Structure formats: structure tokens, C-alpha cells
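One structure is given here, and the rest of the page talks about it.
Read-outs: derived from the displayed coordinates by stated rules, not from any lab. This structure is a prediction, so every number in the text was calculated from the model and none was measured. Here Cβ is always computed from backbone atoms with ideal geometry, including for glycine, and neighbour counts include all displayed protein chains.
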Amino acid sequence: MAIQELLPNLAMCSSMGRMKRASIAVFLLLGACAREQPRSTVSGPPEVEATAAVITAFTEGPAADAEGNVFFTETINQRIMKMAPDGTLTVFREHSNNANGLLFDDQFRLLACEGAPSKGALYQDSRPRVTRTVMRTGKVEVLASDYNGQPFVSPNDITMDGKGRLYFTDLPGGAVYRIDTDGKLSRILYKPEIQRPNGIEISPDDKTLYLVEANQAEGGARMIRAYDLLPDGAVANMRVFHDFYPGRSADGMCIDTRGNLYAAAGLHQRRGTSETLKTRCGVHVFAPNGDLIRFIAIPEDTITNCAFGGPDMKTLYVTAGKGLYQTQVEIPGTRR
């Protein structure tokens with residue numbers, strides 16, 4: 001299996017998809033395929049290498065639409081990017097309100113967790129929120145911006161279940177919320193029972209909710225928790241699905257049609273926290289029983305998230321540092 005890096009030079013371009021020249025550079029799309037490494041004599045999942053991008057950006061939150069376009073956030077410059085199937089890269093939205101995790105719902109409307117820029121940045125009057133963009137019209141709808149009058153701190157990642165209910169994390173706020181199809185907002189997890197919730201995912205059978213804990217502090221939770229997802233959208237029976245401590249925990253996750261969980265985790269270099277390099281940097285693929293069945297190495301810090309796309313849903317997209325990577329997998333993924 002080979003992994004390919006898509007190397008977008010994230011220069012300035014128009015907000016709705018028409019590329020134009022900029023003083024920095026025009027967009028580039030390069031690719032480099034890495035060879036698959038021979039399997040070690042030591043038992044374990046296979047590793048795949050890749051080559052690194054050299055651009056100024058920090059990519060997050062990939063999501064693919066029905067036409068094969070891949071959307072992802074570029075958090076340093078506050079933008080949502082769009083890569084077409086032919087590799088053309090454009091800016092879908094300038095001034096993204098610090099958008100992070102993205103997801104397409106069952107009607108292919110674009111959901112975004114928006115953390116809001118820091119004080120003194122653009123849109124000082126904006127609030128952390130979860131939005132939905134109707135792609136045909138470009139209309140942006142605010143689905144949630146507070147809970148019982150208390151503003152969110154910074155919504156981070158989002159997923160959905162088979163009933164169309166949405167679940168999202170507020171990482172610094174230490175909470176997980178659910179938005180029902182009628183718009184009702186419920187808080188289903190809250191500190192101190194959780195600490196710093198990051199990635200969130202739901203199994204294809206709607207029976208399990210997975211939640212990343214990403215606490216960088218000494219002794220902090222760095223794990224994937226698993227919960228029973230009840231028919232009413234509540235959760236119960238927490239257990240530790242995988243513990244990354246003392247290494248860096250996972251960030252974002254995606255899941256395939258057989259329930260295998262793909263978690264973007266690890267570091268190549270320490271970053272001034274108590275996190276060690278015990279967790280290898282790449283996509284860790286776990287079977288539903290928690291066994292690690294595959295590892296896809298990513299050479300760039302900091303790996304952030306992953307999503308499935310392509311005509312057969314067998315293309316895995318990975319955001320890491322300044323790059324967007326892709327590789328083919330054998331089992332189709334879900335859009336959750």
C-alpha cells in the first residue's frame with residue numbers, strides 16, 4: 001500500500017473557488033509515492049511511509065463530498081480549503097471563524113466546528129459555534145452557539161449517527177453535546193467525568209460512541225474512551241478502548257463500514273508538553289475489539305485528522321502539519 005502526499009501551496013485565492021494569482025505563489029499540486037516497507041519479522045501491523053510537505057499552513061478536519069471534492073480547514077490563515085478530484089486547490093471560505101472539524105451530513109450540507117478567532121483577530125464579534133452550509137446556495141446556518149445561555153469555548157470535532165443526530169466536542173470546555181434533528185441541544189458528557197474531549201466517532205451500527213481524550217498535562221487522560229450509545233442518544237458504560245499515555249493521544253478519527261476505527265495520533269518530536277514519543281505518528285487502525293490491526297506512518301508533525309472519500313469510499317485522506325495525504329484502503333469507509 002502506498003500513501004501519497006498532496007502538496008498544496010496555500011497561497012491567497014478567491015473565496016468561492018476561482019483561483020487567481022497572488023504575490024506569494026500560485027497553487028501547486030505535487031505528488032510523491034512512497035514504497036511499501038517490507039514486513040518486519042516482529043509480529044505487528046504493517047507500516048507505510050510518506051514524504052513531507054514544505055508549506056506554511058496547519059491542516060485539519062478533512063471531509064469529502066459526493067463529487068469527490070475534499071474540504072479541509074487551514075487554521076493558521078483561518079480558511080476552509082477545497083481540493084477538486086483533478087487536484088485543483090481553491091479557497092472555499094475565507095475568514096472561517098477558526099473552523100476545525102468538518103463533516104458532510106446525509107444531505108451533503110457542510111457542518112463545521114468553529115472555535116472563533118482569538119481576541120484582536122478578524123470577526124471579534126463572532127462566537128464559537130457549530131454551523132451548517134447549504135452547498136447549493138452557500139447559506140450558512142448556525143446550529144448551536146451556547147448551552148443554556150453559556151457560550152461554547154471552542155467546538156472541535158463532529159460526527160453523526162444513523163438517525164441524523166449530530167455529536168460534537170468542546171475540547172477546552174470539557175464537554176460533548178448532541179444536536180437532535182429537531183434542533184434540540186443536549187449535553188451528554190461533561191467534566192470532571194471527561195477532561196479534554198477531541199475527536200469523536202460513532203460505530204456504523206450506532207451502538208458505540210468513541211471519544212478521544214487529549215490532555216497534554218502530566219497524568220492527563222490520553223486515550224480513546226468507548227461508550228454504549230443508547231437509542232435516545234445518551235451514553236453509558238464507559239470503558240477505555242485504547243490508552244496512548246504517556247505518548248500523544250489521538251486527535252481526529254474516522255471509521256470504516258466494518259467498524260474499524262482509524263485514529264490520527266502521535267508525534268515525531270516533542271513539543272514542550274509531558275507527551276512522550278511513545279505513540280508513533282500516523283493513523284492507528286483498531287478493530288472493534290480494540291486490537292491494533294494496521295498502522296499507516298505519516299512523516300509530518302502534527303497529524304490531526306482523517307476521513308474517507310473517493311467514488312468507492314476507499315480513499316483515506318489525512319491532514320498533518322502543512323500537508324494533505326491520501327492512501328487507498330481495502331474496506332470502504334463511512335462519512336461519519
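In order along the range 224-240, the phi-based Karplus estimate (6.51 cos²θ - 1.76 cosθ + 1.60, θ = phi - 60°) of 3J(HN,Hα) comes to 9, 8, 10, 10, 6, 9, 7, x, 8, x, 7, 10, 7, 6, 5, 9, 7 Hz; Gly and Pro are listed as x. Classify the range 134-248 as rounded, prolate or oblate from the Cα gyration tensor: take a ≥ b ≥ c as the square roots of its eigenvalues, call it rounded if a/c is under 1.5, otherwise prolate when a/b beats b/c and oblate if not. Verdict is prolate for the range 134-248.
Round to the nearest 0.05 the FRET efficiency obtained for residue 127 and residue 328 when R0 = 30 Å and r is the Cβ-Cβ distance.
On the way: r = 40 Å, r/R0 = 1.33.
Approximately 0.15, to the nearest 0.05.
Look at where the Cα atoms of the range 87-120 and of the range 149-192 average out, and the two centres are 17 Å apart.
Translational diffusion of the range 89-170 was estimated from the Stokes-Einstein equation, with Rh taken as the Kirkwood radius over Cα pairs; at 20 °C and 1.002 mPa s the coefficient is 162 µm²/s.
Does the range 264-334 come out rounded, prolate or oblate by the C-alpha gyration tensor, with a ≥ b ≥ c the root eigenvalues, rounded set by a/c under 1.5 and, if not, prolate when a/b is larger than b/c and oblate if not?
oblate
In this structure, the residue pairs whose Cα-Cα separation is over 25 Å, taken from 278/322; 163/322; 207/314; 163/184; 207/322; 82/163, are 163/322; 207/322; 82/163.
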